Amino acid sequence: MKPRTSIKKPAIILTLLLILFLTTIFLWHIDLRAIIKTAVSGDLNAAAQAMAGAGTPAMLISIYINAAISIMGVIPSVFLTGANVLVFGLYKGFLISWAGEVIGATASFLLYRWGIKSAARIPTDRWKTIKTINALPGLRQIYFLTLLRMAPFVPSGLINLLGAFTAIELRNFIIATAIGKFPALLLETAFMYNLININKGYINLIIGVLVAALLYWGVQKELQRLDKLHQNTNR
């Protein structure tokens, strides 16, 4: 099954790169480099102070950094989530983190797929996992990717890369990402909020860890069920 989106066209990639470049130029005047450095350092208070000091563009900066982290794929965004909670509060911080994750995942998907299909020309048709996902109908692909997204604290970059290797449509990828990241990021935000406010008691943090473990276990079981179901169907 071939992806219907014409994301191989250089115009889309060039437009995306141009947007990233112009955004970088705009935010560079607000000492973007220092904010990024603190955001990925793991120092929540320093990252929060740096973003809060940016004033009005702080929301845009957070989304931009989240997108950059998603594209790089190797840096965890959990510390940025914590900084968003400190700067914007629990609910607004969650929504900003969620928007940044979805935008970042979409940009990563486009860049990764272009690199895999057009630049590097990596053959993926013979990979078992890729073949399994590609053989699923559109709704099943959305469901499968949504499950992967729901697993808490799983690096988004790995799932973005997996999505780029498959033939899933861009629209379906965005839908699955938006749905799946909602509960996962909600749990992550609540975890960081309780960690920041741990002096108020450990009970909420312990509950959050238990819920995360149960959600992760449930996602693993469902993925195993889907894999067995697909194998039985192909016999």
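The values are calculated or read from the model by the stated rules, or taken from the named source; none is laboratory data. On a predicted model such as this, the values are computed, not experimentally measured, just so you know. Reconstructed Cβ throughout: ideal geometry from the backbone, glycine too, with neighbour counts over all protein chains shown.
Descriptive notes on the structure:
- Selection from region 66-87 of residues that are over 12 Å from the mean Cα position of the chain (by Cα) and more than 13 Å from W98 (Cβ to Cβ): F79, G82, A83, L86, V87
Here is a yes/no grid of residues against (1) within 21 Å of S156 (Cβ to Cβ); (2) at pLDDT 85 or above:
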site	(1), (2)
A34	no, no
I61	yes, no
I69	yes, no
L110	yes, yes
A119	no, no
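- Hits in region 57-77 - residues which are assigned to a helix (DSSP H, G or I) and more than 16 Å from G93 (Cβ to Cβ): A67, A68, S70, I71, M72
- In region 165-183, the residues that are part of a helix (DSSP H, G or I) and among the aliphatic types (A, V, I, L, M): L170, I174, I175, A176, A178, I179
Each row is one residue, and each column tells you yes or no for (1) surrounded by 15 or more Cβ atoms within 10 Å (Cβ to Cβ); (2) at pLDDT below 75; (3) at negative phi; (4) not basic (K, R).
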{"position": "T177", "(1), (2), (3), (4)": "yes, no, yes, yes"}
{"position": "A184", "(1), (2), (3), (4)": "yes, no, yes, yes"}
{"position": "L187", "(1), (2), (3), (4)": "yes, no, yes, yes"}
{"position": "F191", "(1), (2), (3), (4)": "yes, no, yes, yes"}
{"position": "K200", "(1), (2), (3), (4)": "no, yes, yes, no"}
{"position": "I207", "(1), (2), (3), (4)": "no, yes, yes, yes"}
{"position": "A213", "(1), (2), (3), (4)": "no, yes, yes, yes"}
{"position": "L226", "(1), (2), (3), (4)": "yes, yes, yes, yes"}
{"position": "H230", "(1), (2), (3), (4)": "yes, yes, yes, yes"}
